[in-house]
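Here's the structure we're looking at; comments come further down.
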Amino acid sequence: MSTDRHPIEQEEVMAYLDGELPPGRASEALSHLELCPECQTLVADLRGVSQELMAWEVESPEVRILSEIDVALVQRLKERGAPKVSPSRLKSRVMTSRWLWAGALAVLCVAVGLTLTLTRRNRNDERSTAYPSMASIEQYLISDRNAEIALARSAAPESISSDAKILVLGWRGYETAREGRNGFVCVVERSWMSPYSSAEFWNPKVRVPACFNPAAARSILPVTFKRTEMVLAGLSKAQMIDRMKAAIDSKELPPPEPGAMCYMMSRASHLNDSLGHYVPHLMFYFPLTDKAAWGADLPDSPVTLNPQFRDGPEPITEFVIPVAKWSDGTAAPAM
Amino acid sequence: MISDEALMLEFQAGSRAAFEELFARYHKLLHSFFGRRLNNPERAEDLAQETFLAVIRAASRYEPRALVRTYLYGIALKLLAAERRKGVTSSTFGQLAPEPKIDRSPESVLWIRQAMEKLDAPEREILMLREYEQLSYSDISELLRIPVNTVRSRLFRSRLALKSYLESRATGDPDRRMSGGQPHTRRRGMP
């Protein structure tokens, strides 16, 4: 092999896709990949194999703790003595997790074992048959740069987006396509901004234009950049979650700033295959907040809790409020 | 979201809820782990449950040096090895089934399994731990007690071999010999 032509080995290309190269070497790999059709073919081949392998799913039985385990568990906890977890903390966690609700019931069923049944929604989330793994990077990119700029701008009324900074997605991540003057930043987000457990986490058709106000551009958009960077580095979801946790713990990612919000009013968006372009709406971001504080999800309340970060380590609560018009001023369908 | 390791420590300290959360997170993954390696769904489920039983019994000895995920798959690999030593289980790879069942898997899955069978056992295990369990190279290295570079080179070889076999579907030649990476692993730029 000519090291002039290929400064990275084939195994390193694979390691790059697996998120296993050190940062410096990964950066060299990415630079080379952008220019080398031969390596891009190798990338496509390796991704193709991974994608094919995902077809082999194992049908999962009903989730249940067998009585044998239950007995051992009771025995173990008896030997261990009373739980050291504070009751208030435990109570809080039980209140916030349907799994732990089921867990509380399990205590009542010691002798006979227990059947824990996943909710239909969880089951649907786990059936990621349509998009089991990442597609080739090209499928997530928009080849027409001007089209991506226009799509990003369509997230907000022209009075806002025309002066906004516009970012477009490239091989290295988001890059500036137009400088802005009003502090807003408009981007087209991709499928990996869905919940990690979403069946459409790797759906290459997803296009979500969003215009972030200055507070959100500083404190929420970095989450988009971080997830995107990890995806392009070929990390698995488990690795992404681990690194996201580390980034939050180290304060690399800031908490949501007061007043952080974004516009999502594009009629050209494709949120996912089931929602399509959904309805025009605004999103408001907070550090973890009880949805009752906003009356979210209550009957006739226009406010809903967005599940975007429900299963991720990002400590962000996100409320959604639909609005009546698309960004071009035309009337939107009623919710 | 509370980490697996924090849950494990809470369980160690006596929290049943922590155990149940870990069970909820890993039961399906462990069932799939055994399901792909043993051609016996009932036994796969038994072993997934036995993994948790082992966790309960060894809870006092758990130290948060390794990720819980790696710890669980370490137990699972030991149970799998013991199962194979018994030699009575219908195994997808390398063991005879006493009473072969009618396989109703989709064709694509059958091809994958056939392709997997053609890999050397150590390469197959590395490939599966990476692709299905999504373990890092160093986790695999630790679990299989081989150097990280060996993990990487075997993984590369097995992926290319698998690609070659899966491509042979297009030619309709399922007996096409797997290349073992031979035509592919030559360095680029070389004739």
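The values are calculated or read from the model by the stated rules, or taken from the named source; none is laboratory data. Just so you know, these numbers come straight off a predicted model, no measurement behind them. Counting neighbours? That spans all protein chains shown, and the Cβs are built from the backbone with ideal geometry, glycine included. These area figures cover heavy atoms from the full protein model, side chains too; ligands, DNA and RNA do not enter into them. Shrake-Rupley method; radii C 1.70, N 1.55, O 1.52, S 1.80 Å.
Out of all the residues in segment B:9-21, which are open to solvent by less than 10 Å² (accessible area, probe 1.4 Å) and assigned to a helix (DSSP H, G or I)?
B:Phe11, B:Ala18, B:Phe19, B:Glu20
Given (1) of a type outside the set (Ser, Thr, Tyr); (2) surrounded by fewer than 18 Cβ atoms within 10 Å (Cβ to Cβ); (3) in contact with a His (Cβ under 7 Å, 6 or more places away or on another chain), identify the lone condition not met by B:Ala44.
All conditions are met except number (2).
For a quick check of your reading: which helices (runs of 4 or more DSSP H) sit entirely within segment A:73-191 and have at least 1 residues that are open to solvent by less than 70 Å² (accessible area, probe 1.4 Å), at pLDDT 90 or above and not β-branched (Val, Ile, Thr)?
Because the criterion is at least 1 residues that are open to solvent by less than 70 Å² (accessible area, probe 1.4 Å), at pLDDT 90 or above and not β-branched (Val, Ile, Thr), the helices (runs of 4 or more DSSP H) in segment A:73-191 that meet it are A:137-140, A:145-153, A:158-161.
Is it the case that B:Glu107 is charged (D, E, K, R), out of contact with any Gly (no Cβ under 8 Å at 6 or more places or on another chain), loosely packed, with under 14 Cβ neighbours inside 10 Å and within 12 Å of chain A (Cβ to nearest Cβ)?
yes
When you go through (1) assigned to a helix (DSSP H, G or I); (2) within 12 Å of the chain's Cα centre (by Cα) one by one for A:Arg218, which number turns out not to apply?
Going through the list (1) assigned to a helix (DSSP H, G or I); (2) within 12 Å of the chain's Cα centre (by Cα), A:Arg218 breaks only (2).
Among A:Ser301, A:Ser269, which is the only one that is buried (at least 20 other Cβ atoms within 10 Å of the Cβ) and out of contact with any helix residue (DSSP H, G or I) (no Cβ under 7 Å at 6 or more places or on another chain)? Talk me through it step by step, then tell me what you get.
On the way: A:Ser301 fails: buried (at least 20 other Cβ atoms within 10 Å of the Cβ).
Just a single option satisfies the conditions, and that option is A:Ser269.
Output the number of the condition that B:Tyr73 fails; it satisfies all remaining conditions of (1) touching a residue at least 40 places away in the same chain (Cβ under 8 Å); (2) facing chain A (nearest Cβ under 9 Å); (3) buried (at least 23 other Cβ atoms within 10 Å of the Cβ).
The failed condition is (2).
Consider A:Arg5 carefully, then state whether it is touching a residue at least 12 places away in the same chain (Cβ under 8 Å), at the interface with chain B (Cβ under 8 Å from one of its Cβ atoms) and surrounded by fewer than 18 Cβ atoms within 10 Å (Cβ to Cβ).
So A:Arg5 fits the description; yes.
All but one of (1) more than 17 Å from A:Ile220 (Cα to Cα); (2) among the charged types (D, E, K, R); (3) loosely packed, with under 15 Cβ neighbours inside 10 Å hold for A:Asp242; which doesn't?
Only one criterion in (1) more than 17 Å from A:Ile220 (Cα to Cα); (2) among the charged types (D, E, K, R); (3) loosely packed, with under 15 Cβ neighbours inside 10 Å is unmet by A:Asp242, namely (3).
For A:Ala55, work out the one condition from (1) of a type in the set (A, V, I, L, M, F, W, C); (2) surrounded by fewer than 18 Cβ atoms within 10 Å (Cβ to Cβ); (3) facing another protein chain (nearest Cβ under 10 Å); (4) without any contact (Cβ under 8 Å) to a residue 24 or more places away in the chain it doesn't fulfil.
Result: A:Ala55 passes all but (4).
Which is facing chain A (nearest Cβ under 9 Å) and in a helix (DSSP H, G or I), of B:Arg159, B:Arg154, B:Arg169, B:Arg124?
The unique qualifying residue is B:Arg159.
Criterion first (at positive phi and at pLDDT 90 or above) does A:Gly276 satisfy it? Explain how you work it out, then say what you get.
On the way: at positive phi: yes; at pLDDT 90 or above: no.
Considered against the rule, which asks whether it is at positive phi and at pLDDT 90 or above, A:Gly276 comes out as no.
Quick one: in segment B:141-154, which of the residues that are in contact (Cβ under 8 Å) with a residue 12 or more places away in the chain and touching a Phe, Trp or Tyr at 6+ places or on another chain (Cβ under 7 Å) is surrounded by the most Cβ atoms within 10 Å (Cβ to Cβ)?
Filtering segment B:141-154 for residues that are in contact (Cβ under 8 Å) with a residue 12 or more places away in the chain and touching a Phe, Trp or Tyr at 6+ places or on another chain (Cβ under 7 Å), the one surrounded by the most Cβ atoms within 10 Å (Cβ to Cβ) comes out as B:Val151.
Consider segment B:30-48. How many of its residues are modelled with pLDDT under 90 and either out of contact with any Lys or Arg (no Cβ under 9 Å at 6 or more places or on another chain) or part of a helix (DSSP H, G or I) (or both)?
2
Kindly indicate the residue of segment B:49-70 that is farther than 24 Å from A:Glu79 by Cβ and hydrophobic (A, V, I, L, M, F, W, C) and also farthest from the other protein chains (Cβ to nearest Cβ) among those meeting that condition.
So, considering only residues that are farther than 24 Å from A:Glu79 by Cβ and hydrophobic (A, V, I, L, M, F, W, C), the one farthest from the other protein chains (Cβ to nearest Cβ) is B:Ala66.
Find all pairs meeting these conditions: Cβ atoms under 6 angstrom apart; at least six residues apart or on different chains; first residue within segment A:280-307 and more than 17 Å from A:Pro256 (Cα to Cα); second residue assigned to a strand (DSSP E or B) and open to solvent by less than 40 Å² (accessible area, probe 1.4 Å).
Matching pairs, first to second residue: A:His281/A:Met264; A:His281/A:Val320; A:His281/A:Pro322; A:Ala296/A:Phe319; A:Val303/A:Phe319; A:Thr304/A:Val320.
Residue under question is A:Val43, and the condition is that it be within 13 Å of A:Ala233 (Cβ to Cβ), facing chain B (nearest Cβ under 10 Å) and assigned to a helix (DSSP H, G or I); does it hold? Outline the logic, then answer.
On the way: within 13 Å of A:Ala233 (Cβ to Cβ): yes; facing chain B (nearest Cβ under 10 Å): no; assigned to a helix (DSSP H, G or I): yes.
For A:Val43, the condition - within 13 Å of A:Ala233 (Cβ to Cβ), facing chain B (nearest Cβ under 10 Å) and assigned to a helix (DSSP H, G or I) - is not met.
Could you tell me whether B:Ser138 is open to solvent by 50 Å² or more (accessible area, probe 1.4 Å), part of a helix (DSSP H, G or I), facing chain A (nearest Cβ under 9 Å) and without any contact (Cβ under 8 Å) to a residue 40 or more places away in the chain?
So B:Ser138 passes the test.
Just one of the numbered conditions (1) closer than 21 Å to A:Leu235 by Cα; (2) outside any helix (DSSP H, G or I); (3) facing chain B (nearest Cβ under 7 Å) is not true of A:Met14; which one?
(2)
Of all residues in segment A:17-40 being open to solvent by 30 Å² or more (accessible area, probe 1.4 Å) and at the interface with chain B (Cβ under 10 Å from one of its Cβ atoms), which is modelled with the highest pLDDT?
In the first step, residues of segment A:17-40 are kept if they are open to solvent by 30 Å² or more (accessible area, probe 1.4 Å); the result is A:20, A:22-25, A:27-28, A:31, A:34-35, A:37-38, A:40.
Adding the requirement that they be at the interface with chain B (Cβ under 10 Å from one of its Cβ atoms) leaves A:20, A:38.
Details: A:Glu20: 84, A:Glu38: 91.
By that ranking, first place goes to A:Glu38.
Are any residues in segment B:4-45 of a type in the set (Ser, Thr, Tyr) and within 7 Å of chain A (Cβ to nearest Cβ), and if so, which ones?
So the first thing to find is which residues in segment B:4-45 are of a type in the set (Ser, Thr, Tyr), and the list is B:15, B:26, B:32.
Those that are of a type in the set (Ser, Thr, Tyr) and within 7 Å of chain A (Cβ to nearest Cβ): B:Ser15, B:Ser32.
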